[in-house]
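Reading through the structure tokens given below for one structure.
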Amino acid sequence: MSTAIATAVAPLTIEDGEALVTAARRAAKAADVTVSVTVLDAGGHLLAFRRDDRAVLISGETSTRKAYTALQLNAPTADLVDAVQPGGLFHTLPTALDRPLLFIAGGVPVHREGRLIGAIGVGGGAPDQDHGFATAAVEALA
């Protein structure tokens, strides 16, 4: 009989959220790209958000949807793009839910000790740039 006890993993904190936003914005600034950055906790609640002054307005919405998608599917949105194409595993998923998902690169789940604790989404650059900025932020948090 196993007596393994699950250990608690610290949740994503406001300080973590701010650190993720700062790291993503730093990476974007180095590439001369204006962005919006959204950080969600494990429950999908907004923990941190920042839109650069000159970032396109829609980037706020796309960054949030990317973070939500990465959180719900526990996968980088960059890895899911092909899955929603005709014939793909998740082809109908974008229209099947009340809350819209966004299958564009730029959303990355955040893990601590192997457990999902939140997600970050970046919008405003090209999809591959947004993915790079989000990934850089997650790596900086670790």
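The values are calculated or read from the model by the stated rules, or taken from the named source; none is laboratory data. Everything numeric in this text was worked out from a predicted model, so none of it was measured. A quick note on method: Cβ atoms are made from the backbone with ideal geometry, for glycine too, and the neighbour counts reach across all protein chains shown.
Tabulated values for the structure
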read-out: Boolean, residue 8 is in a loop (DSSP other than H, G, I, E, B) and modelled with pLDDT of 95 or more; value: no
read-out: Identity of the residue in the stretch 114-142, closer than 15 Å to residue 103 by Cα and of a type in the set (Val, Ile, Thr), that ends up nearest to the chain's Cα centre (by Cα); value: 120
read-out: Scan of the stretch 117-142 for residues that are farther than 17 Å from residue 48 by Cα, out of contact with any Lys or Arg (no Cβ under 9 Å at 6 or more places or on another chain) and not in a helix (DSSP H, G or I), ordered by number; value: 125, 126
read-out: Filter result (in contact with a Ser or Thr (Cβ under 6 Å, 6 or more places away or on another chain), in a loop (DSSP other than H, G, I, E, B) and of a type in the set (D, E, K, R)) within the stretch 31-69; value: 52, 54
